[in-house]
1. Need one word for segment 149-347: rounded, prolate or oblate. Basis is the Cα gyration tensor (sqrt eigenvalues a ≥ b ≥ c); a/c below 1.5 gives rounded, then a/b vs b/c decides.
2. Putting +1 on Lys and Arg Cβ atoms and -1 on Asp and Glu Cβ atoms, find which of Val322, Leu266, Tyr84 reaches farthest to the positive end of the dipole of the chain.
3. Excluding residues on the same chain fewer than 8 positions from Lys241, give the aspartates and glutamates whose Cα lies under 19 Å from its Cα.
4. Give me the net charge of Asp163's neighbourhood, meaning all other residues with Cβ under 15 Å from the Cβ of Asp163; Lys, Arg count +1, Asp, Glu -1.
5. Per the Kirkwood treatment, what hydrodynamic radius in Å, one decimal, follows for segment 198-239 from the mean inverse distance over all distinct Cα pairs?
6. In what sequence, highest mean first, do 260-267, 17-24 appear when ranked by Cβ atoms within 10 angstrom?
7. Assign unit charges at the C-beta atoms only (+1 for Lys and Arg, -1 for Asp and Glu), then state the dipole size of the chain relative to its Cα centre in Debye, rounded to the nearest 20.
8. Under a GNM of the chain (C-alpha, springs under 10 Å), which listed residue has the highest mean-square fluctuation: Cys345, Cys102, Cys353?
Amino acid sequence: MIINTAQGGGGYGTLPAQISNFYATIGAASVKLTWSNPADENFAGVLIVRKTGSYPAKPGDGTKIYQGTAQTYTDTGLENGTQYYYRAFSYNSKHEYQTEYCVATMTPQAGYTLGSFPVGTKIKFGSVSGNPSGNPIVQKIVNKSGNDITLISNGVVGTYAFDAMEPLNSDSNRQSKGNNRYKYSNIHQWLNSDAGAGSWYTAQHSADQAPDSTSVVSANPYSSKAGFLNGFSTKEKNYLKTKTVTVGIPSLDGGGTETITARIWLPSGTEVGYTGFGYTEGTQLSAFSDDASRISSPVANYLLRTPHSSTSTSYTSIVRAVNTAGAQSYVDAYNGGTYGVRPLCVLDSSVLCSLSVDGNGCYTVL
């Protein structure tokens, strides 16, 4: 169906593809809309129409709030507690509108922005797949930098191996104790997957091995589990920023650093305040100043993404970690029974949170 609202003649043109990934994010008396424009030569822009009570049926049914080629718009001056319905209409140069259904809805609420909280504030955000309903992850703000708010899980989210043994690896230590290169680690892949049970793992290099049994990890094999992000809602996954993360390269693989992109990642030795590696992985996070500040709650050992930097061939499977006293420790990559996972993520400072804490002293992301 073509809806032509242009003035003058010229006949019908070719309709553009519809926008995609149309999503509404809650705000205080506002709603932030984001979307992806199509790679279509017939696309001239998008019209966003707002309505209360129901979705707009056509371009003229409601209030036209945006028209153009951007991929984000914040609708302000709204009433908290009122549900707003949005519909997008891509159009061509003749202002003929694509009517393929593309909608989003959101109810703005009063709340605090994440950026208004100090370092140390606890936030409930995300959940581990398989946890009982209503058992979210308690996160803690550990750094604020511009619009980036860095969170770390207050305790470990599970006790899993950094990487499985790799029987086909040419290095004997990695054959029997796992690979300490974070870029290729099982844990990095698991943390960033939202796949269902048994579907998150794919080999990252020719000798890679899934953490699928106690013959390749010391305990708690996890390849049959759902990816870590499988426990997050669509809204929560949209809040996660994708960041470029600096990671150390083991001496066996050339040393120095490299970068990865991730939405979830393990902290580094640099970030928790350790020194003496010969390189830096990111910058020290402001919450970490001494051993006491590094202790998780509940208390547990936890993994870092930093490899042991020794040039000795005996350390090619060893990663750095934090022990229960907050001091630096080491562990073989395949060890899945004694060191937990305490990941980082970054949200935008504009993310809205509840006006009060719950019984656990935590704010909730709205």
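Since every read-out is calculated from the coordinates, none of them should be taken as a lab result. As the structure is a prediction and not an experimental result, all values here were calculated from the model. Here the Cβ is made from the backbone with ideal geometry for all residues, glycine too, and neighbour counts use every protein chain on show.
1. It is rounded, given that a/c, with a ≥ b ≥ c, falls under 1.5.
2. Of Val322, Leu266, Tyr84, it is Tyr84.
3. Result set, ordered by chain and number: Asp148, Asp194, Glu271, Glu281, Asp348.
4. Result for the local shell: 0.
5. Values: mean 1/r = 0.0839 Å⁻¹.
For segment 198-239, inverting the mean 1/r across all distinct Cα pairs yields 11.9 Å.
6. Working: 260-267: 21.0, 17-24: 16.9.
Ranking, from highest mean packing down: 260-267, 17-24.
7. For this selection, approximately 580 debye.
8. Comparing Cys345, Cys102, Cys353 in a Gaussian network model of the chain, the most mobile one is Cys102.
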